[in-house]
Amino acid sequence: MPTMLARAALDSIGDAVVVVGSDGGVLHLNPAAEELFARSRERSVGLPARALPGGLQLALLADRTLQSMESQSIDVPGPIDPGIPVRVEASPLLDGPVCAGVVIVLRPRRGNERTLDFEALAAGLAHEIRNPLAGLQGSAELLAREAEGPAAEYAAVIAREAKRVDGLVRELLDLARPAVLKTAPLRIHDIIGDVLVLARGMPAADRIQFVERFDPSLPDLHADDEKLIQVFLNLLRNAIESVADRPAPQITVETGVAGQRLRQASGRTRPLARIAIQDNGPGVSEAMLPRLFTPFATSKSNGTGLGLAISRRIVEAHGGRMEVRNRASGGAEAAVYLPLDA
């Protein structure tokens with residue numbers, strides 16, 4: 001527990017502060033945190049951090065901070081009002097060489113704040129663009145049906161480009177908004193199976209050999225099925241585009257329990273599922289590898305450079321991680337690691 005002096009110092013801070021112990025339990029909430037969570041200190045102290053309203057992502061952030069002993073930060077929906085994004089910063093509470101806990105500071109974005117960052121700018125631009133864009137696309141599609149000759153062709157081009165820009169705007173919104181998860185128990189092989197059905201219908205996929213190497217003993221996990229479909233569909237689309245021009249294109253989807261485990265705040269470890277998508281394409285250029293998850297960084301002539309950034313954000317919201325590497329035998333591998341139900 002914090003000492004009386006430390007508690008008084010925390011209570012005088014205007015931002016919401018939560019102190020989490022090395023076992024993942026709540027040690028202290030200051031008055032601002034009580035107000036933010038609509039939960040009294042007496043009701044909260046001693047409970048796991050994940051028991052707080054919206055506490056799952058706080059618990060995962062605390063776990064990562066305890067493991068790395070480095071500060072971490074994320075944006076999450078407000079615990080009571082999801083429409084208000086909250087900036088969360090977690091710092092290790094060090095006692096000499098030992099990490100005794102985590103101090104979590106939560107700062108809701110107020111309506112009158114004038115912070116100019118990429119996420120706020122992207123969200124604002126996306127909302128401003130979508131309304132006139134919908135009108136433009138609808139008008140162009142109507143004109144393409146009713147016009148004749150070159151005018152119909154030009155209208156079709158306008159409608160097609162408007163649709164492409166709308167897709168880019170949706171990706172900007174996905175990147176700008178905190179990932180809100182609707183988790184439930186699921187079998188990852190059911191998700192992969194659905195994604196493979198969709199992938200086989202993509203252009204150039206009919207000549208690709210898809211190889212499935214599934215571990216049937218893989219247990220269930222708690223996750224958002226729609227978000228994971230988005231992640232794996234993006235990874236498979238990248239692999240298909242990579243091998244489309246190869247003489248014998250092949251994509252392998254491999255699942256299993258990862259060799260490493262996730263260490264939790266309590267000190268216990270948790271198994272990880274590993275889902276890898278491998279291709280025999282040209283691989284990723286050395287110059288591009290360190291920039292793969294940077295928004296708008298892309299080597300594709302028709303790419304936006306947002307897919308991998310959004311995918312990694314979704315995976316990290318699940319408490320997992322994503323890695324992309326070139327394989328020694330040729331081609332690339334994208335691997336997703338997700339916590340399994342212990």
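The values are calculated or read from the model by the stated rules, or taken from the named source; none is laboratory data. In this text, all values refer to a predicted model and were calculated from it rather than measured experimentally. Reconstructed Cβ throughout: ideal geometry from the backbone, glycine too, with neighbour counts over all protein chains shown. Quick note on the areas: whole protein, heavy atoms, side chains included, nothing else; ligands and nucleic acids left out. Shrake-Rupley method; radii C 1.70, N 1.55, O 1.52, S 1.80 Å.
When the chain is modelled as a GNM with alpha-carbon springs shorter than 10 Å, which of Arg64, Arg87, Arg164 fluctuates the most?
Arg164
Placing unit charges on C-beta atoms (Lys and Arg positive, Asp and Glu negative, everything else neutral), compute the dipole magnitude of the stretch 198-284 about its Cα centre in debye, rounded to 20.
Dipole of the stretch 198-284, to the nearest 20 debye: 400 debye.
How high is the relative contact order of the stretch 9-104, in percent, with contacts defined as C-alpha pairs under 8 Å that are six or more residues apart?
Relative contact order, the stretch 9-104: 25 percent.
Over the chain, what percent of the accessible surface lies on carbon and sulfur atoms, probe 1.4 Å?
53
Please compute the length gained on full extension between Val197 and Glu148, using 0.36 nm multiplied by the number of residues separating them and subtracting their Cα-Cα distance.
The Val197-Glu148 span can extend by a further 13.8 nm.
Quick one: divide the alpha-carbon radius of gyration of the stretch 1-116 by 2.2 N^0.38 Å and tell me what you get.
Normalised Cα radius of gyration, the stretch 1-116: 1.00.
When the helix-only estimate is applied to the chain (DSSP H runs of n ≥ 4, each -39,500 (n - 2.57), divided by the residue count), what is the mean residue ellipticity at 222 nm, nearest 500 deg cm²/dmol?
-12500 deg cm²/dmol
What residues have an amide H closer than 5 Å to that of Ala16, excluding those fewer than 5 places away on the same chain, when H is modeled at 1.01 Å from N in the peptide plane?
Under 5 Å from the amide H of Ala16: Leu106.
Taking the Cα centre of the stretch 1-63 as origin, sum charge times position over the Cβ atoms of Lys and Arg (+1) and Asp and Glu (-1), and report the length of that vector in debye to the nearest 20.
Rounded to the nearest 20 debye, it is 120 debye.
Could you give the accessible area per residue of the chain, probe 1.4 Å, as a whole number in Å²?
Heavy-atom SASA per residue in the chain reads 52 Å².
Using Cα pairs under 8 angstrom and six or more residues apart, how large is the relative contact order of the chain, in percent?
So the answer I get is 13 percent.
Putting +1 on Lys and Arg Cβ atoms and -1 on Asp and Glu Cβ atoms, find which of Ala32, Leu93, Ser217 reaches farthest to the positive end of the dipole of the chain.
Leu93
Please give me the summed charge of the neighbours of Lys182: other residues whose Cβ is under 9 Å from its Cβ, Lys and Arg +1, Asp and Glu -1.
Result for the local shell: -2.
Modelled label-to-label distance, Leu133 and Asp190, 7 Å Cα→beta-carbon offset: nm?
Once both label points are built, they end up 3.3 nm from each other.
Once every Cα of the chain carries one equal point scatterer and solvent is ignored, give the base-10 log of I(q)/I(0) from the Debye formula at q = 0.08, 0.14 Å⁻¹, two decimals.
Reported log10 I(q)/I(0), two decimals: -0.48, -1.21.
Mind checking which of Ala287, Ala273, Pro82 is farthest towards the positive end of the chain's charge dipole, using Cβ charges of +1 (Lys, Arg) and -1 (Asp, Glu) about the Cα centre?
Of the listed residues, the answer is Ala273.
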